[in-house]
1. Scan around residue 130 for amide H atoms under 5 Å from its own, H built in the peptide plane at 1.01 Å from N, and keep only partners 5 or more places away or cross-chain.
2. State the answer as a single residue: which of 437, 208, 42 lies farthest towards the positive end of the charge dipole of the chain, with beta carbon charges of +1 for Lys and Arg and -1 for Asp and Glu, about the Cα centre.
3. Using a 1.4 angstrom probe on heavy atoms only, work out the carbon and sulfur share of the accessible area of region 424-483 in %.
4. Let me check something: with ligands and nucleic acids excluded, how do 349, 479 order by accessible area (1.4 Å probe), largest to smallest?
5. Can you run the Rg to Rh ratio on region 46-116? Use alpha carbon positions and the Kirkwood inverse-distance Rh.
6. Run the lone-cysteine check on the chain: no other Cys C-beta under 4.7 Å from the residue's C-beta.
7. With unit charges on the beta carbons (Lys and Arg positive, Asp and Glu negative) and the dipole taken about the Cα centre of the chain, which residue among 345, 233, 158 sits farthest to the positive side?
8. Sort 98, 113 from largest to smallest accessible area, using a 1.4 Å probe on the heavy atoms of the protein chains.
Amino acid sequence: MDNSAYEAEVGEIKEDATATQDSQLEAIIVRIGDFGRFQMRNYVLLCLPIICSTFHSLSFVFTASTASYRCFIGDCDTENSSFIEPWLNFTIPRSDDDWDQCNQYQSIGVGCDADTFNSSQIVSCESGYKLMDDDGSIATEFGIYCSNQWQLSMVGTVSFIAHIVGMPMGGYFSDRYGRKATLVVAGVLSAITGLARSHTVGYYSFLLLEFLSMFVGSPLFYIALLLAVELVGCKQRVLFGMIISLTYAVAEVALGYLASLIRNWRVLLRVIYTPALLHLLFICYMSESVRWLLSQSRELEAVDILRDVAIVNQRQVNERELSDMVRHNRKVISQTRAAGGHYTARQIYNALGHRTATCCGLWLIIVFISMGLTLNSMELYGDKYRNFGLSGLVKLPGVVFAMLLMNRLGRRWTLNLCMGTCSISLLLMVALINEYPTVSWHLFFLAQMANIGSHMVLIFFTAELFPTSCRSSLLALCYMIGRIGAMLAPSAQLLISYYKYTPHLLFAALGIPSSVLSMLLPETSNETLPTTMEQACALDLHSSRKSSVSHSTG
C-alpha cells in the first residue's frame, strides 16, 4: 500500500471517534490535574535518568583525557624535581612554543649539563615520562602516551558507536514492553557495567565495558523524555520539556564540578554510576505511560493510573468519562492495522516514510552543525574542568529562549527561526571577522545558542510527530542518525586547509535547507499526542486546515 492509498484509508475512518478518544483523555488529564503533585513527583524521579544519561555519556571526556607530560631525563630528574626546570633548555626540544612531549636530545655523557646532550640529535624518550600532575585518567594509569594516543580517542569513538547500536534496540523494547520497564532495565544495567568498568585492570577490558555501559544506557534520555511528554496534557508539554532540557544542561555543569573534585577516574565512575541503581525505585514509584497502555489495549491499567493521579492531586475523576474513554479507545484500536498493538516496518514506511526521512535529515544536519560548532569554537584557556562546566552553562539561555518561542510561534516556525538565525550569524561572522573580531565572537556565540535551541526543539518536536506504539522506536532512529552526524563532524576540520572559515560556511549552508525542511513537517502545537498511525497521519490534515484558515483570515 503506498502513501496516498494509506491516507485515503485514513479519511475513511470515523474521525469523530478518534477525536473523541483524544479529547476525552486530554479532558480527563486536565480535570485530574496536569500540573499537580503526581506530575511533579514523577518529574523529580525522571531527573534521575536525565542526570545519569548526561554523566555516563560524557564521562569519557575525563576518564580518557590526555595527560600533560614530558620525557623523564634520567641524569637530571629526581623525585623532587619540578615539571619545568632550567635544564630543559638543553635536554628537550621545543614544539609549538612548548616542550616536546615525546622526544629529547640524545644523551652523550654522564651528568646534567649542556655538554652531555647532543642538541642536533633528537631521540624518543629514553627513561619514560614525567607528568605535570596526575589527573587520574586512564592515560596515566595504563601508560597511554605519544604513539598510543589514538587509544584515548578510540574511547570516545566506541561510545558513539555504542549509542548508535543501542538506541534502536532501546526504542524497540520501549515500544514493545513499555517505557517504565525499559527505563528500569537500562538504568540498572548501566550502573552494573559502569561500576564494573571502574574495576578494570587493562585498556581493552575498559574499552569493552565502555561499549557495554553506553549500549545499555543509551535509551535513558529519550525514554525519560517520552514519559515526561506522555504524562501531561498538550498545554503543559512545552513547560515540562523545558524542565527536562534544563536538567540535562545543569547535569553537564555538575559533571565538570564533580570531575574537578574527584581526579581519580575509578572513583569518579563509581560516584556517577552508583546513583543509577536507584532506577529500581521506579518499579514502585513510577507509573507507566497511560498513552502507551491505551495503545496496547491495556485500558484497565490506564484507568487505574488515572485514578491514582486524581487521588494524589486531590481531584475528582468522573467514572463515566473513564468508561467512555475505554470504549472509544477500543473502537479506535480495532480500526487500526496494528497487529497486537504494534505496526510493522512496512506499515510505518508506507504511512510515515516521508515524515521519518525528513526528521532523520534534520537530525543529521542539526547534530552535525552542533558538534561542528563545538569543535570549531574559539579556544578556551584555563582549567579544563571549569571550561567544561561553562560549555554546559551557555546552553541554558538557548534552551529557555527556544522553548518560550514554541508556545508563541509553534514548533515549525521556532525550528525555522533558530536554524535561520544560526546560518545568518555564521555568515555575518565570517564577513566581519577581520574588521570586527569582537562582533564576530558574539555572532558565533549567537549561532551556538540558536543551534542549541533548534536541537532542543527538534527533540521535542520529533516526539510529537509519531504514534505512541512506535514513537520510541522512531525517536531512537532519529537519535541514531544524529549520532552519525556527530561522528562526521570532525571531518569538517579538514576543510580548514582550504580556507580557515570553510567549516563555518559549510554549517551556514547546511542550516538553510534544514530550516526549509522543518516547514515540511506538520505543526503539532496544541495537538494531542497521536495514539494510532491514523491519528499521526491526520496531523498533516490538521496542519493544512490551520494554514488555510490563517491565509483566509489574513
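The values are calculated or read from the model by the stated rules, or taken from the named source; none is laboratory data. Bear in mind the structure is a predicted one, so any value in this text is a computation, not a measurement. Reconstructed Cβ throughout: ideal geometry from the backbone, glycine too, with neighbour counts over all protein chains shown. Note: accessible area is taken over every heavy atom of the protein model, side chains too, but ligands, DNA and RNA are not part of it. Shrake-Rupley method; radii C 1.70, N 1.55, O 1.52, S 1.80 Å.
1. Result for residue 130 returns 70, 71, 72.
2. 42
3. Details: 1410 of 1970 Å².
Carbon-and-sulfur percentage of accessible area, whole number: 72.
4. On the way: 349 160, 479 25 Å².
So the residues, ranked largest to smallest area, are 349, 479.
5. Numbers: Rg = 19.8 Å, Rh = 15.2 Å.
Over the Cα atoms of region 46-116, Rg/Rh equals 1.30.
6. Taking the Cβ cut-off of 4.7 Å, the unpaired cysteines of the chain are 47, 52, 234, 284, 359, 360, 418, 422, 470, 478, 537.
7. The Cα lying farthest towards the positive end belongs to 233.
8. Values: 98 90, 113 65 Å².
Reading off the accessible areas and sorting them downward yields 98, 113.
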